[in-house]
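Asks: Dropping the structure in here first, questions after.
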Amino acid sequence: MIYNLRAEKAMQWYHRKADVRYELEDIEQFVQATRAVTLRKRFKQIKEPKNRRSFTIIILLFTFMQLSGLNTIIFYMEIILREAMVTSIAPSSLVVIANAIGIIFGCLGAYCIDRYSRRILLAISSLSVMISMLLLGLHFLLLDCGYDPGDFEWLVILSVLIFTLLCFGLVPVPSTMLSELFTSDLKSTAGFVSSSTSAIFSFIATKTYQPLVNIMRHQYVFWIYAAIMMISLVYSLIWIPETKGKTLQEIQDMMAAGSARERSQRVNCVEIVDGITN
């Protein structure tokens, strides 16, 4: 009873002229309904085609975010700049500048995410990181070929600055879509899955960077990141559903329609294969 009174006072503070009792009753009913959901029922919900598609999208988005080189570049940035023989500006100063620009792009992304297409933000961010990794790899390739690092030092500086556009789309969009694709009773499960996915691939990307550099040189590692970003670019333009300006019901209907279309395509493919083999 005491907690209900505290909750009512808190809600009343935010909605000073409204009667919050009905909203409080709705919240209580939601909490009770959520507690009544068993683990078996939760797995049954996840297996529904529309929810399965939503989980696939979220898992891939968080995977792309971590395999873009996010933590690798941030953690190793000063080391990478020193190995790239940057001398026109102190590597430590460039790290500070890059992170400051990243914060600006992050704020800009948060501003734009409700005004522009999520797919476009993802595509711009993926394309920018892909270009950044290609330039960074090219810089190290030229170093290995014996060229004077002073002649193309601008390549690595430009690539690091372009990389900060990652904060414009690849970082904010997955979390935004996580809040939009799922009904209230599945959001906690989706949050757990996305956090676990992000943590696992962050660990993999960070832990494998130096061993990969030792095996195949810097440029090939960065070009692997570029290839992953190319896949992310194609995925965001073709398979990511546009959720901007849509209600939860519209999003759920869209996901259900997409799942039905995918099942129909699989059935058609099976029929074609059967026709060929028979």
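Asks: Would you confirm whether or not region 117-129 contains a residue that is out of contact with any Lys or Arg (no Cβ under 7 Å at 6 or more places or on another chain) and outside any helix (DSSP H, G or I)?
Replies: No, because not a single residue in region 117-129 is out of contact with any Lys or Arg (no Cβ under 7 Å at 6 or more places or on another chain) and outside any helix (DSSP H, G or I).
Asks: Just one of 136, 143 is at pLDDT 90 or above, among the hydrophobic types (A, V, I, L, M, F, W, C) and closer than 17 Å to residue 230 by Cα; which is it?
Replies: Working: 143 fails: closer than 17 Å to residue 230 by Cα.
Matching residue, one of 136, 143: 136.
Asks: Mind checking which residues of region 189-226 are in contact (Cβ under 8 Å) with a residue 60 or more places away in the chain and small (Gly, Ala, Ser)?
Replies: Residues satisfying the conditions are 190, 194, 198, 202, 205, 226.
Asks: Any idea which residue in region 110-127 is nearest to residue 247 (Cα to Cα), counting only those that are without any contact (Cβ under 8 Å) to a residue 60 or more places away in the chain and crowded, with 21+ Cβ neighbours inside 10 Å? Explain how you work it out, then say what you get.
Replies: Quick first cut of region 110-127, residues without any contact (Cβ under 8 Å) to a residue 60 or more places away in the chain only: 111-112, 115, 120-121, 124-125.
Next, from what is left, pick out any that are crowded, with 21+ Cβ neighbours inside 10 Å: 121, 125.
On the way: 121: 20, 125: 25 Å.
Within region 110-127, the match that is nearest to residue 247 (Cα to Cα) is 121.
Asks: Starting from residues that are over 15 Å from residue 221 (Cα atoms) and touching a residue at least 40 places away in the same chain (Cβ under 8 Å), keep the ones in region 64-80 and report whichever is surrounded by the most Cβ atoms within 10 Å (Cβ to Cβ).
Replies: Only one residue fits best here, namely 65.
Asks: Of the numbered conditions (1) within 23 Å of the chain's Cα centre (by Cα); (2) at pLDDT below 90, residue 224 fails exactly one; give the number of that condition.
Replies: Checking residue 224 against (1) within 23 Å of the chain's Cα centre (by Cα); (2) at pLDDT below 90, the one that fails is (2).
Asks: Give the residue, chosen from 196, 188, 175, 179, that is farther than 23 Å from residue 114 by Cβ and either under 14 Å from the mean Cα position of the chain (by Cα) or charged (D, E, K, R) (or both). Before you say what the answer is, go through the steps one by one.
Replies: Numbers: 188 fails: either under 14 Å from the mean Cα position of the chain (by Cα) or charged (D, E, K, R) (or both); 175 fails: farther than 23 Å from residue 114 by Cβ; 179 fails: farther than 23 Å from residue 114 by Cβ.
196 is the lone residue from the list that is farther than 23 Å from residue 114 by Cβ and either under 14 Å from the mean Cα position of the chain (by Cα) or charged (D, E, K, R) (or both).
Asks: What tally of residues in region 85-109 results from selecting those that are without any contact (Cβ under 8 Å) to a residue 40 or more places away in the chain and under 11 Å from residue 156 (Cβ atoms)?
Replies: Matching residues across region 85-109 total 1.
Asks: Considering region 199-233 alone, what residues qualify as being surrounded by fewer than 20 Cβ atoms within 10 Å (Cβ to Cβ) and among the hydroxyl-bearing types (Ser, Thr, Tyr)?
Replies: Scanning region 199-233 gives 202, 206, 208, 220.
Asks: Residues to consider are 195, 159; find the one that is surrounded by fewer than 19 Cβ atoms within 10 Å (Cβ to Cβ), at pLDDT 90 or above, among the small types (Gly, Ala, Ser) and within 29 Å of residue 80 (Cα to Cα). Quick ask: steps written out before the conclusion?
Replies: Details: 159 fails: surrounded by fewer than 19 Cβ atoms within 10 Å (Cβ to Cβ).
Testing whether each residue is surrounded by fewer than 19 Cβ atoms within 10 Å (Cβ to Cβ), at pLDDT 90 or above, among the small types (Gly, Ala, Ser) and within 29 Å of residue 80 (Cα to Cα) leaves just 195.
The values are calculated or read from the model by the stated rules, or taken from the named source; none is laboratory data. Note that this is a predicted model, so its numbers are computed, not measured. Positions of Cβ are backbone-derived with ideal geometry, glycine not excepted, and every protein chain shown enters the neighbour counts.
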